[in-house]
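Data block below; observations after.
The values are calculated or read from the model by the stated rules, or taken from the named source; none is laboratory data. Everything numeric here is computed off the predicted structure, so don't read it as measured data. Heads up, the Cβs are rebuilt from the backbone with ideal geometry, glycines too, and the neighbour counts pull from every protein chain shown.
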2 protein chains.
Amino acid sequence: MVDQGGARGGQNGPMQTETTTSTSGGGPCAPRRGRPRSEAAEQAIVAAVERLMEEGTGLAELSVERIAAAAGVGKATIYRRWPNKEALLVDVVARLEEQPEPVLNGVGVRDSLIAMVDDIRRRGLAKRSRWALKAALGQLEGWPELRQLYKERIIQPRRELAREIIRRGVAEGVLRDDIDIELLTEMVIGPILVRAVLWGEGPLDDDGLAEQMVDAVLTGAGVRPSGGESH
Amino acid sequence: MVDQGGARGGQNGPMQTETTTSTSGGGPCAPRRGRPRSEAAEQAIVAAVERLMEEGTGLAELSVERIAAAAGVGKATIYRRWPNKEALLVDVVARLEEQPEPVLNGVGVRDSLIAMVDDIRRRGLAKRSRWALKAALGQLEGWPELRQLYKERIIQPRRELAREIIRRGVAEGVLRDDIDIELLTEMVIGPILVRAVLWGEGPLDDDGLAEQMVDAVLTGAGVRPSGGESH
DNA sequence: AATTTACGATACGGACCCGTCTCGTATCGT
DNA sequence: ACGATACGAGACGGGTCCGTATCGTAAATT
């Protein structure tokens, strides 16, 4: 007996009926006779959801009525575009975060790692990102579609980027090759994530934090038998 | 005075009106005339909440009606003990996790760290703990009382324990003294938390994982200039 | 001009929830 | 025996929410 909590609809997607959206050369086979859909309304809806996120609205408080009111839009205008609330949120999450910066390949591995950690740090300061991450961790339980999408769109690209950097580090002899790639990744991003997400209070505004963390992880927490104390 | 999210009642606590609970020699000044409260009912209620947690019920789906049904109990029986849903959940969270194992002081620092990380790993395998952690991270937003209690009861003791072990490690010369204690802590618990909570999928059933992680963090992810590869 | 579709606003039905209250029954004290 | 209290079950009022339907109006095609 699953399905507790009310049978959410299946399909998602912006339900683009070939109208206004995606003016980019799509196939306008049928120009539709009546009044076209307002592009502005669509943007206002998405923007309203994002603004509500930034203001700290919990997923429970994020009702369609509230979204419509915040966007200055009728409820029907939302349901004309998305079949249900889930699809709307899926869509918003999908366009929530642009892909992470490609990280120039010419840069050294250490700098790449620092850039990545610093990216997480800065995102941890952004309320919108925190909302999404927390929602994904907690509230999206029992909401598999949204959680899945969040993983695909947000988590996976970053994880892949991290893996790539770290693989390069191993290849260049900067990172140890006797540690599992996954573990290396977790070592690098673990500290900043603990501070940014788990404790949610640690100071994140130090610009040198990422560098400090990466160096600490590279060098290790244990006292080095041969190398002298650095200070 | 934040109080966003709808003015929840103030007080909490099991509302023990000197009845059945705490038979431990309390002051039974007034033995109450009528039928005493059923200890079994109280346990059944708490057990039901915990069971629902383990089954993955989200905080939103965790309604009083559902709890009562799962416990085989009338709603009034719940409201006779706790003034509202929040108080019930606060109480359940409060008794959710026993304090972490004290970690024998005679044990070496490395073994203590491994024990701590392994504790997190094993908890990560326990659904109940995952539920609580995820709920704390995401759903308890806008529910300050519960979140606060979770931090006090669950997070703080473990964080304190970690700090103590690491402080000992620094004192004994096993851990570097030129790295901030907070950062050292985050380095140690970060990797396992990323695997257990954030990605939520990484393998946790390897008994040697904790040891592997701790050693990796102690030694560092970077290639050691002088020391040979350890294996 | 006629038609067709979208728009904002809002009413509606069905569902769920919270917290209270009422049943008839069970179990205590006196 | 009797009054007091707890019990399970469930009705109830007030509320929120989702998703649909209905307004009168606005903007496009034909």
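Inspection of region B:35-46 identifies at least one residue that is away from DNA strand C (no atom under 14 Å from the Cβ), surrounded by fewer than 13 Cβ atoms within 10 Å (Cβ to Cβ) and modelled with pLDDT of 55 or more.
Here's the yes/no breakdown for (1) of a type in the set (D, E, K, R); (2) under 27 Å from A:Ala60 (Cβ atoms); (3) touching a Gly at 6+ places or on another chain (Cβ under 6 Å):
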position: B:Glu42; (1), (2), (3): yes, no, no
position: B:Ala47; (1), (2), (3): no, yes, no
position: B:Leu52; (1), (2), (3): no, yes, no
position: B:Glu65; (1), (2), (3): yes, yes, no
position: B:Ala70; (1), (2), (3): no, yes, no
position: B:Val73; (1), (2), (3): no, yes, no
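Considering region B:64-76, and only residues there that are within 13 Å of DNA strand C (Cβ to nearest atom) and surrounded by fewer than 17 Cβ atoms within 10 Å (Cβ to Cβ), the residue that is nearest to the other protein chains (Cβ to nearest Cβ) turns out to be B:Arg66.
Entry remark, region B:49-63: residues being surrounded by 21 or more Cβ atoms within 10 Å (Cβ to Cβ) and within 12 Å of DNA strand D (Cβ to nearest atom) number 0 in total.
For region A:64-82, the candidate set comprises residues that are in a loop (DSSP other than H, G, I, E, B) and near DNA strand D (Cβ under 9 Å from one of its atoms); within that set, the residue that is farthest from A:Ser38 (Cα to Cα) is A:Trp82.
So is B:Glu97 crowded, with 17+ Cβ neighbours inside 10 Å, assigned to a loop (DSSP other than H, G, I, E, B) and at pLDDT below 85 or not? Against the criterion (crowded, with 17+ Cβ neighbours inside 10 Å, assigned to a loop (DSSP other than H, G, I, E, B) and at pLDDT below 85), B:Glu97 qualifies.
When the criteria are applied in full, B:Ile154 meets the requirement of being outside the structural domain of B:Val64 (by TED's automatic domain parsing), under 30 Å from B:Ser38 (Cβ atoms) and either part of a helix (DSSP H, G or I) or within 16 Å of DNA strand C (Cβ to nearest atom) (or both).
Does B:Ile120 satisfy the criteria of being within 12 Å of chain A (Cβ to nearest Cβ), out of contact with any Ser or Thr (no Cβ under 8 Å at 6 or more places or on another chain), part of a helix (DSSP H, G or I) and not basic (Lys, Arg)?
Here the answer is yes, as B:Ile120 does meet what is asked.
Would you mind stating whether A:Gln212 is within 9 Å of chain B (Cβ to nearest Cβ) and part of a helix (DSSP H, G or I)? Yes, satisfied. Looking at B:Leu104, is it within 11 Å of DNA strand C (Cβ to nearest atom), at pLDDT 65 or above and not hydroxyl-bearing (Ser, Thr, Tyr)? No. Quick one: is B:Arg163 surrounded by fewer than 16 Cβ atoms within 10 Å (Cβ to Cβ) and not in a loop (DSSP other than H, G, I, E, B)? Taking the combined requirement at face value, the residue satisfies it. For region B:159-190, residues that are touching a residue at least 40 places away in the same chain (Cβ under 8 Å), within 23 Å of B:Trp131 (Cβ to Cβ) and facing another protein chain (nearest Cβ under 10 Å) total 1. Note on region B:115-129: residues that are within 11 Å of the chain's Cα centre (by Cα) and modelled with pLDDT of 90 or more total 0. Please state which of the following conditions A:Asp177 fails to meet, knowing it meets all the rest: (1) within 17 Å of A:Arg110 (Cα to Cα); (2) assigned to a helix (DSSP H, G or I). Condition not satisfied by A:Asp177: (2).
The condition (being closer than 20 Å to A:Thr219 by Cβ, buried (at least 17 other Cβ atoms within 10 Å of the Cβ) and modelled with pLDDT under 90) is satisfied by just one residue among B:Arg158, B:Arg176, B:Arg224, B:Arg195: B:Arg224.
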